[in-house]
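Colleague: Okay, here's the structure, questions in a sec.
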Amino acid sequence: MSFSRIAFRYLISSFLLVLLACTTTDPYTGEEKTSDTAKGAGIGAISGALLGAAVSKDKKKGALVGAAAGAAVGGGIGYYMDKQEEELRKQLEGTGVRVKREGDNLRLVMPGNITFPAGQSAIRPDFYNVLNSVCIVLKKYEKTAIKVTGHTDSTGNAGSNQKLSEARAESVGKYLISQGVKSGRVQTSGYGDRQPVASNSTSDGREQNRRVELELLPL
């Protein structure tokens, strides 16, 4: 049997086994879904099987060993982010902060109306407890980089919007660091009104665009 057929057969077998083992029911929708841990493990199994078969004299054994090693590495990152996502959702339930999963990255979307007074960059006093809850999880899961970005709607001039978005992101970043999150993990930037998530032609859309986001990326 050729190398490509051996590798393909074993990587597919590994991938299917991982998916079947990690398929769960979504508690919110009732639908079955495959966790990001399983997806990561499956991708790792495929890569590992191909590499193992390529470098081993025994193609069959090399594909199996490579698939197992790749699945462990790929699933490890997914599992780490799965657990962090689970804890963030528990901590932030009912706060108005949305937790979004994007592959192995997590994004926390903090609406401007609950984070800052209008036109200001000083954090609202009643939002500190929410940020404290975020910090609890961030300090526990240290193998993630934290990208803090500020965004505005298109009201006002571009220069003022840019400065406000930068100042708000910096305020959040500084607070995270003040609560024990390592400064080397935190990066801040502002995008003004350049990255809208909704139309600026409606009040609801503008409200959605006024936000601070925390993107958590595995290191």
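Colleague: So who's got an amide H within less than 5 Å of the one on Gly192, skipping anything under 5 residues away but keeping other chains? H placed 1.01 Å off N, in plane.
Modeller: So Gly192 has HN proximity to Thr152, Ser165, Glu166.
Colleague: If you restrict to DSSP beta bridges whose two residues both lie in the range 77-190, what percentage is antiparallel, to the nearest 5? Kindly include the intermediate steps, with their values, before the conclusion.
Modeller: Numbers: 5 of 10 bridges.
Of those bridges, close to 50 percent are antiparallel.
Colleague: Please sort by residue number the GluC sites (Glu not before Pro) in the range 133-198 whose DSSP state is loop and whose Cβ has at most 14 other Cβ atoms within 10 Å.
Modeller: Glu142
Colleague: Highest first, please rank the peptides 207-217, 115-125 by the mean number of other Cβ atoms sitting within 10 Å of their residues. Can you show the working numbers first?
Modeller: Numbers: 207-217: 21.0, 115-125: 14.5.
Packing proxy ranking, top to bottom: 207-217, 115-125.
Colleague: Once the piece of chain linking Glu86 and Ser189 is laid out straight, how much longer is it, given 0.36 nm per residue of separation minus the C-alpha distance between them?
Modeller: 34.4 nm is the gain from fully extending Glu86 to Ser189.
Colleague: Along Cα→Cβ, 7 Å out, is where each label goes; now give me the distance between the ones at Glu102 and Lys182 in nm to one decimal.
Modeller: Roughly 2.4 nm, to one decimal.
Colleague: In whole Hz, what ³J(HN,Hα) sequence does the range 184-197 give by Karplus (6.51, -1.76, 1.60; θ = phi - 60°), x for Gly and Pro?
Modeller: The phi angles translate into x, 8, 9, 10, 10, 7, x, 10, x, 9, 7, 10, x, 10 Hz.
Colleague: Still on this model: When Rg is the radius of gyration of the Cα atoms in the range 125-219 and Rh is its Kirkwood radius, what does Rg/Rh come to? Numbers along the way, then the final one.
Modeller: Details: Rg = 14.1 Å, Rh = 13.9 Å.
Answer for the range 125-219: 1.02.
Colleague: Would you mind checking the pairs Lys83/Lys140; Lys100/Lys163; Lys90/Lys147; Lys143/Lys182; Lys83/Lys143; Lys100/Lys147 and listing those with alpha carbons more than 19 angstrom apart?
Modeller: Flagged as over cut-off: Lys100/Lys163; Lys90/Lys147.
Colleague: Apply the Karplus curve 6.51 cos²θ - 1.76 cosθ + 1.60, θ = phi - 60°, to the phi angles in the range 130-145 and return the couplings in whole Hz, x for Gly and Pro.
Modeller: 5, 5, 4, 5, 5, 4, 4, 6, 4, 6, 6, 9, 7, 8, 9, 8
Colleague: Net charge around Val172, counting only other residues with Cβ within less than 13 Å of its Cβ (Lys, Arg = +1; Asp, Glu = -1)? Present the calculation step by step, with values, prior to reporting the outcome.
Modeller: Values: positive: Arg124, Lys147, Arg168, Lys174, Arg211; negative: Glu166, Glu170, Glu213, Glu215.
Residues close to Val172 contribute a combined charge of +1.
None of the figures in this text is laboratory data; all of them are computed from the coordinates on show. Keep in mind that this is a model prediction, so the values were computed, not measured. Reconstructed Cβ throughout: ideal geometry from the backbone, glycine too, with neighbour counts over all protein chains shown.
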